[in-house]
Amino acid sequence: MSGRNMVAVESEFLLDGPQSPRLVLAHGAGAPMDSEFMARMAELLAERGVGVVRFEFPYMRERRESGKKRPPNRQPELLDCWRSVVESLGDCDRLFIGGKSMGGRMASLLIDELADELGVKGLVCLGYPFHPPGKPEKLRTEHLLDLKTRALIVQGTRDSMGKRDEVGGYGLSSAIDVQWLEDGDHDLKPRVRSGFTHDQHLESAADIVSRFVLST
């Protein structure tokens, strides 16, 4: 992946692209900040003029250091980590936050607070976990019903954590724009028979996200 203009900063952040505007992306529950998905999205967004900052939650940093699998930190710790990252970056008037799956969900719990207090501009979620797989009754949407800050969710139509026919009935805030990628799963990956490829969907996701960030 040449031309990424990526550097590591004190092994805490990975930076791609311009310094402003920036989208801070947190990883999902099971994969680190330099996973293939996260790296490819950062590359594609940087190519489109959106700077990307990637970071890891404490449990993932511990896993990287020890080589032992760790469960995610409890929600208060994850939220504290998010706050610390945003405060350390500054220049929040051109800062967006979000992430893959759990990382995006944690950002969504804070976005209104960070927008009011620090001026963070908006939220981007790549595959939002509306409910655990196979448990559509256990919704994670209460805070999304009255969200005030502009938000974008890019979701695959067959995502096991929120399919299109399910999400349409949730009554989400009008501040949230849900964009669908046909036949995509939770990683936005379509089946071969769909006629799409995974990289096509990642390119489409980058187009959607960059338009959102650059126009907000």
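The values are calculated or read from the model by the stated rules, or taken from the named source; none is laboratory data. Small disclaimer: the values here were computed from a predicted structure and weren't measured. Cβ: placed from backbone, ideal geometry, glycine included. Neighbour counts: every protein chain shown. With ligands, DNA and RNA removed, areas are computed over all heavy atoms of the protein, side chains included. Shrake-Rupley method; radii C 1.70, N 1.55, O 1.52, S 1.80 Å.
What value, in deg cm²/dmol to 500, does the helix sum -39500 (n - 2.57) over DSSP H runs of n ≥ 4 give at 222 nm once divided by the residues of the chain? Please report the intermediate quantities before stating the final value.
Details: 6 runs with 75 residues, N = 216.
After summing the helix terms and dividing by the residues of the chain, the value is -11000 deg cm²/dmol.
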note = region 130-216: spread of alpha-carbon positions along the three principal axes, whole Å, largest first, is 36, 36, 15
task = Send over the per residue convex hull volume for region 1-120, Cα only, as a whole number of Å³.
result = 96
message = Please compute the Kirkwood hydrodynamic radius over region 18-63, one decimal place, Å, based on all pairs of different Cα atoms.
response = 10.9
query = In the chain, what percent of the accessible surface is made up of carbon and sulfur (1.4 Å probe, ligands and nucleic acids excluded)?
reply = 46
task = Scan around residue 26 for amide H atoms under 5 Å from its own, H built in the peptide plane at 1.01 Å from N, and keep only partners 5 or more places away or cross-chain.
result = 98, 99, 100
query = Kirkwood hydrodynamic radius (Cα pairs, Å) of the chain?
reply = 17.2
request  = Sorted from largest down, give the three principal axis spans of the alpha carbons of region 118-170, whole angstrom values.
outcome  = 37, 20, 17
query = Which whole-number value in Å² is the accessible area per residue of the chain, probe 1.4 Å?
reply = 47
request  = Using R₀ = 30 Å, calculate the FRET efficiency as 1/(1 + (r/R₀)^6) where r is the Cβ-Cβ separation of residue 109 and residue 197; round to 0.05.
outcome  = 0.35
remark   = Cα extents of region 62-137 along the principal axes, largest first, in whole Å, come to 36, 35, 19
